[in-house]
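Beneath this line is the structure, given in structure tokens, with notes to follow.
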Amino acid sequence: MAAIGVHLGCTSACVAVYKDGRAGVVANDAGDRVTPAVVAYSENEEIVGLAAKQSRIRNISNTVMKVKQILGRSSNDPQAQKYITESKCLVIEKNGKLRYEIDTGEETRFVNPEDVVRLIFSKMKETAHSVLGSDANDVVITVPFDFGEKQKNALGEAARAAGFNVLRLIHEPSAALLAYGIGQDSPNGKSNILVFKLGGTSLSLSVMEVNSGIYRVLSTNTDDNIGGAHFTETLAQYLASEFQRSFKHDVKGNARAMMKLMNSAEVAKHSLSTLGSANCFLDSLYEGQDFDCNVSRARFELLCSPLFNKCIEAIRGLLDQSGFTADDINKVVLCGGSSRIPKLQQLIKDLFPAVELLNSIPPDEVIPIGAAIEAGILIGKENLLVEDSLMIECSARDILVKGVDESGASRFTVLFPSGTPLPARRQHTLQAPGSISSVCLELYESDGKNSAKEETKFAQVVLQDLDKKENGLRDILAVLTMKRDGSLHVTCTDQETGKCEAISIEVAS
Amino acid sequence: MLLLPSPADGRGTAITHALTSASTLCRVEPVGRWFEAFVKRRNRNASASFQELEDKKELSEESEDEELQLEEFAMLKTLDPKDWKNQDHYAVLGLGHVRYKATQRQIKAAHKAMVLKHHPDKRKAAGEPIKEGDNDYFTCITKAYEMLSDPVKRRAFNSVDPTFDNSVPSKSEAKDNFFEVFSPVFERNSRWSNKKNVPKLGDMNSSFEDVDIFYSFWYNFDSWREFSYLDEEEKEKAECRDERRWIEKQNRATRAQRKKEEMNRIRTLVDNAYSCDPRIKKFKEEEKAKKEAEKKAKAEAKRKEQEAKEKQRQAELEAARLAKEKEEEEVRQQALLAKKEKDLQKKAIKKERQKLRNSCKTWNHFSDNEAERVKMMEEVEKLCDRLELASLQCLNETLTSCTKEVGKAALEKQIEEINEQIRKEKEEAEAHMRQASKNTEKSAGGGGNGSKNWSEDDLQLLIKAVNLFPAGTNSRWEVIANYMNIHSSSGVKRTAKDVIGKAKSLQKLDPHQKDDINKKAFDKFKKEHGVVPQADNAAPSERFEGPYTDFTPWTTEEQKLLEQALKTYPVNTPERWEKIAEAVPGRTKKDCMKRYKELVEMVKAKKAAQEQVLNASRAKK
């Protein structure tokens, strides 16, 4: 059974397949693992991918880029309006829907954004079929967390039109978590994970909670003004000023020259992620003048430092907004091509000194791999996902037990964390000194931060008349089971004698 | 390292207070295998954790069961192992009292106990006699365990459990105590069901839904009972494949037969129960009663509706009648009033006229001369005719109040005005007539060489059409135009107006030309003014209907002039018809009178027809 995961970004798309228990990205026919999400229309054909991107120097008005930003939006959407003003390809409103006006010489065509997306999906399908054979059409597609119902529908329709069988649309941060298998090994425990996605045009940050293997988005934030394109833009501007310095020509007003510089800057930016310096060479950039320039990584980092700072500020802002400190985050997942930038990774590491930075998978492949894994989970299942199964009951408060540590001070330990999907059972082996004949398990509830007040104690379980044993510890097995309505059942067993005590606590109505 | 303390105050297990907050609904991401597992679990309405709890409970129950006493089978030692098929394996293992309800664990335990007790080695030690080989009764225990430990074989044995009561109560048995008779039977048979949670028979008070579920369950009963145990031939005994196959076939056939019988048995049971069930009877009656009631209610509603409708209709009719009566009354009153007023006015005008004549007479008609006097009298008569009541009164007043000269002047002025007025009217009429005749000429000319060319063929066609659809045809000219359009070869679309115009222009042509045209038409050479021989009296106009069409027909212009003249010269004008004839050029007095009569007759006929239609429609109402 093979399945496909597709990630469609604003600037590029990537496809991964799940086969024989493993997920991997598939390179397209040009040998690239990531395909630019660009569609160029010419007189008799539609070109998708790198060729379209490179030919935009000559064919800018018939090249559709960043189609994801307009998909499923109406003309009164501010984001769509912004896109329309920025787009080099003419966008008009026809019959209440936005269309691209493509003039290919003979006739003027009106192209739906959905059609553009369909072409990109068809390309991704072809790529996936190159390793799977043509009968695998089951796909999971990722969408940004802020995608609305309309946009999801439009995307799903486009994928179906391209011949895909859409199993599910999942959110990009969840896919990133799944790619690293976070919480998938054992369904116990709770952790908070920051997903840092720096894509082509936007930065989106999410704080996710993983509890019992189930993901929840706690808070999320998207900034449309930082992205890979902005780094390239900065570098291209620098190159233009270098050109001006050496040849006294201002190329900033020349669209075609700037486009060439952009292409060159992008290549340079990519190589700077691995190399210390990169060379830009452009034949006859302007009035027959060749341009040759060397950019060092330090120069690039200096140029882009305001953007880096913006990213870090955004992380800080999100942590504040969700009420976390850097210590509350257990892991950071990097995704999106631009998070390859070494400087950026360094800055994030500085911000979370004690945290594991997950970047073992190439960042621009994280999300499609997650989607492919999800597709592998879903394939062959009767897909009965209904909207209301997304809302599940979770425990509202931490359940803690009070004990003493070696020094004799009181301490609390969480036995049953808040946010656990119900029903659930948690099992803990606690220890008590062997010198005492009765053991008391004092249970407290609290809404976070591992501390509880005396008045939040709601029950105690006492095991009496245990055999005393000198110089040793006894193991007490505590099993907490919470039902969907939130009522709790606690069982305590002394492992040695098998003595058992159980209580049930109802929820105050 | 966390250590649990000992209870502070020596209290035992206790709940201080209930949990303060219930569970909260959270939105989760539909991602990952744990989510899938969670949703699956929830859709099955079971939870892993609670499932485990229940398993544990079962475990503990079983451990209790192990202590269950085995009932020693008294005949055990007398059993012949060769006859194992007819033995009760449960009884052999000492589980005769639990039978099919025994768990695997219990069977295992029972077997162990039996082996410990009856194993030949043990008995040998105790000095009991033991038969050689397989003939010892211990073989029965082994066989019984073999049968019961294998779920498939055990099911086969359970299916033919010798203690099971296969009987089905007949209808007569259950006449009075349905529930007592059938309840245990269904209870008994429910063990064959593949599905768990077999619905209970219930009692007299069970709801319709419950009963329905019960019977639909039993009519679609899915039984696991099978009869492989009763196979006469054993497959394992066969020596070759073909024989095995034959045995298998035989067995399958007998099994199917038995299964069928079993299904029939269940079916009979359910049928019997269904036909005896007092609740079904009750429900049926209720249903019937309900339907009847509904029917009644419907009929009642319909009747009421009809009554209401009838009432409303009556009321409406009454109201309409009253309104009509009232209206009629009003009209009558008004007519009476109008008549009275008219009479009064007439009287007044007569009086005034008389007065004028008298005053004129008293003044000797302002003249001594006889001839002049006659003329004056004539003028005065004219005045009397034409003047309104008010002006007459005014004139009379002047005449009576002042001297002869002033009176004469006023009278003469009045006369002059009247004459002027008459002259003007005449002039107007003439001008109008001139204008009209001009128009006709023009239109006649226009019709001839109008915008649409009338080819010769078309003209022939037109004439044919005109003859085909004589005057009086419903929307005659439209029909003719349509006919022309269909049959014409020229392809020109003609409207009714065009056709009328052309037909009229054809009529206007003078006879000489007509003859000429006719001749040429016959030769089919004419190009423009083609006409047909019959055209002069066949192409008609709406105005010429009637018996006098052999005279020169009246044109619209002449008709108009005539009408104008009739208005100009009121009924009591002396030599009225001569004057009218004068006003209509080209017509004699006789012609005019005839036409007038015709018109009057037409109007009368029209009125009569209208009245008839009106009466008819009223009668319909």
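Quick notes on this one:
- Of all aspartates and glutamates in the structure, those lying under 18 Å Cα to Cα from residue A:499, and not within fewer than 8 positions of it along the same chain, are A:442, A:465, A:467, A:475.
- With all pairs of different C-alpha atoms in the average, the Kirkwood value for the hydrodynamic radius of segment A:226-300 is 12.2 Å.
- With 5 Å bins from 0: P(r) over segment B:74-157, alpha-carbon pairs, percent: 3, 15, 28, 25, 17, 8, 4, 0
- Dipole orientation for chain A: of the candidates A:416, A:341, A:251, A:251 has the Cα lying most toward the positive pole (charges on Cβ; Lys, Arg +1; Asp, Glu -1).
- 222 nm mean residue ellipticity, helices alone, for chain A (DSSP H n ≥ 4; -39,500 (n - 2.57); rounded to 500): -9000 deg cm²/dmol
- What the phi angles of segment A:473-490 give under the Karplus curve with 6.51, -1.76 and 1.60, with θ = phi - 60°, is a coupling list of 10, 10, 8, 10, 8, 10, 10, 10, 10, 10, 7, 4, 7, x, 7, 10, 10, 10 Hz, glycine and proline written as x.
- Cα-based radius of gyration of segment A:1-162 once divided by 2.2 N^0.38 Å, which approximates compact folds: 1.04
- Zero-based 10 Å bins, Cα pair distances in segment A:392-503, whole percents: 14, 45, 31, 9, 1
- Lysine pair count for segment B:242-293 with Cα-Cα distance under 19 Å and sequence separation of 8 or more or different chains is 6.
- Relative to the dominant Cα principal axis of chain A, helix A:297-322 is inclined by about 40°.
- In a simple Cβ point-charge model (Lys, Arg +1; Asp, Glu -1; nothing else charged), the protein assembly as shown has a dipole of about 4660 debye relative to its Cα centre.
- Amide H within-cut-off set for residue A:219, under 5 Å, with H built and near neighbours excluded: A:207
- Restricted to Cα atoms, segment A:256-347 shows a radius of gyration and a Dmax of 17.4, 57 angstrom.
- Taken about its Cα centre, segment A:421-509 carries a charge dipole of roughly 280 debye when the Cβ of each Lys and Arg holds +1 and the Cβ of each Asp and Glu holds -1.
- Computed from the alpha carbon positions, the gyration tensor of segment B:265-304 leads to an equivalent ellipsoid with semi-axes of 36, 8, 4 Å, biggest first.
- Look at the dipole of segment A:1-162 built from charges on Cβ: of A:51, A:6, A:121, the Cα furthest out on the positive end belongs to A:6.
- Translational D in µm²/s for the protein assembly as shown (Stokes-Einstein at 37 °C, 0.692 mPa s, Kirkwood Rh from C-alpha pairs): 73
- 19 Å Cα-Cα threshold exceeded, pairs from B:438/B:502; A:19/A:381; A:190/A:349; A:310/A:343; A:97/A:150; B:355/B:382: A:190/A:349
- For segment A:155-204, a Kirkwood radius taken over Cα pairs fed into Stokes-Einstein (25 °C, viscosity 0.890 mPa s) yields D = 182 µm²/s.
- Measure of compaction for segment B:176-275 (Cα Rg per 2.2 N^0.38 Å): 1.45
- Under 5 Å, built H, 5+ apart or other chain: amide partners of residue A:9: A:14
- Between the residues B:213, B:299, B:223, the greatest Cα displacement towards the positive end of the dipole of segment B:207-364, with unit charges on the Cβ of Lys, Arg, Asp and Glu, is found for B:299.
- Look at where the Cα atoms of segment A:11-54 and of segment B:194-229 average out, and the two centres are 60 Å apart.
Values in this text are rule-based calculations from the coordinates and carry no lab data. For clarity, every value in this text was computed on a predicted model and none was experimentally measured. Heads up, the Cβs are rebuilt from the backbone with ideal geometry, glycines too, and the neighbour counts pull from every protein chain shown.
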